[in-house]
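Report on the following structure.
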Amino acid sequence: MNGLTTDYLFKHHHILGIEQFSPEDIAHILSTAKSFKEISNRAIKKVPTLRGKTIINIFFEPSTRTRVSFEIAAKRMSADTFNISSSMSSATKGESLIDTARNLEAMNPDIIVMRHGFSGAPHLLKKHINASIINAGDGTHEHPSQGLLDLMTVEEHKGEINGLKVAIIGDITHSRVARSNILGFTKMGASVYLAGPATFIPPGIEKLGAEVCSSPVKAVQDADVVMALRIQQERQNDPLIPSLREYAVHFGINKELLKNAKPDALVMHPGPINRGVEMNPDVADGPQSVILDQVTNGVAVRMALLYLVMGGDKTSNSES
């Protein structure tokens, strides 16, 4: 299994970011996710793996794909799940994040899946509660389950990740997906190239292992994977580009730009897509697109994460 030794143990009690994982950890998560994927194709899509476990999904930011994916993953493993949105949370009444978490823990959940607008929020939470924390996206920091499902999708289609060239185009500055993918793909032996408007490239991003290119053409040249990122206007205090139309002309993924990549290059997007801006519809729906595969693999990856933090390998979990 990707070079894992027979005495390998998954020892993470929390899933806070790709940063915490070794290549062996990532390989094990992807292998576990593949074993869970067939459950979604059964007539009865449910196994008793997490029966009796309680999982709380608390999202302080709007989410559809990630929240529903985690909920489906938990229910397919027979866990009891509860969803709390920011509008339902006492945080809207001034309660602190720590107080909210402590009140939730008083109900004895096993796992808390949390999305929060502030980077590092899950790391703060783990210092105050005993339940396993799974980061469903924190500010502009990381989105580990998205990075893992992207790795799984590429590995399924390409056979292996080592040696691939991955181009990521778009709003790197505000993207937690970009950071998780840079860390994940480089740890697994791929080379990551970035491109976007200068206002969308954060200083020092090269320290994570990526190379910044002066144009999308250079980033995409001979790429095995081309990933577009959503322009996150909700995270910008002021517009950082002149217009969406200008962005589409210079940085949108279209068939002409895609000609610079390898003929069998995969096209990816974490969603939701601003069609005609980040990516043309004929590319998003074209034969090279694996965007719907990403969605499918998201459920399998999240099943694997829930299983593993609950000691699915029958090991003694230690703190991340």
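Counting only residues that are in a loop (DSSP other than H, G, I, E, B), buried (at least 17 other Cβ atoms within 10 Å of the Cβ) and not basic (Lys, Arg), the stretch 255-272 holds 6 of them.
The residue list Leu164, Leu208 contains one member that is aliphatic (A, V, I, L, M), touching a residue at least 40 places away in the same chain (Cβ under 8 Å) and more than 16 Å from Met279 (Cα to Cα), which is Leu164. Restricting Ser69, Ser63 to residues that are touching a residue at least 24 places away in the same chain (Cβ under 8 Å), in a loop (DSSP other than H, G, I, E, B) and either surrounded by 16 or more Cβ atoms within 10 Å (Cβ to Cβ) or of a type in the set (Phe, Trp, Tyr) (or both) narrows the list to Ser63. Selection of the stretch 168-205 for residues being closer than 17 Å to Leu244 by Cα and charged (D, E, K, R) yields only Asp171. Of all residue pairs spaced 6 or more apart or on separate chains, those with beta-carbon atoms under 8 Å, a first member in the stretch 120-132 that is in a loop (DSSP other than H, G, I, E, B) and a second member that is among the small types (Gly, Ala, Ser) are Gly120/Gly139; His128/Ala101; Ile129/Ala101. Put simply, of Leu148, Leu194 the only residue that is outside any helix (DSSP H, G or I) and either of a type in the set (A, V, I, L, M) or within 15 Å of the chain's Cα centre (by Cα) (or both) is Leu194.
Taken across the stretch 127-149, residues that are surrounded by fewer than 22 Cβ atoms within 10 Å (Cβ to Cβ) and hydroxyl-bearing (Ser, Thr, Tyr) do occur, with at least one present.
Taken together, the criteria exclude Ala91 from residues that are modelled with pLDDT under 90 and under 24 Å from the mean Cα position of the chain (by Cα).
The values are calculated or read from the model by the stated rules, or taken from the named source; none is laboratory data. Just so it is clear, the model here is predicted, and its values are computed rather than measured. Reconstructed Cβ throughout: ideal geometry from the backbone, glycine too, with neighbour counts over all protein chains shown.
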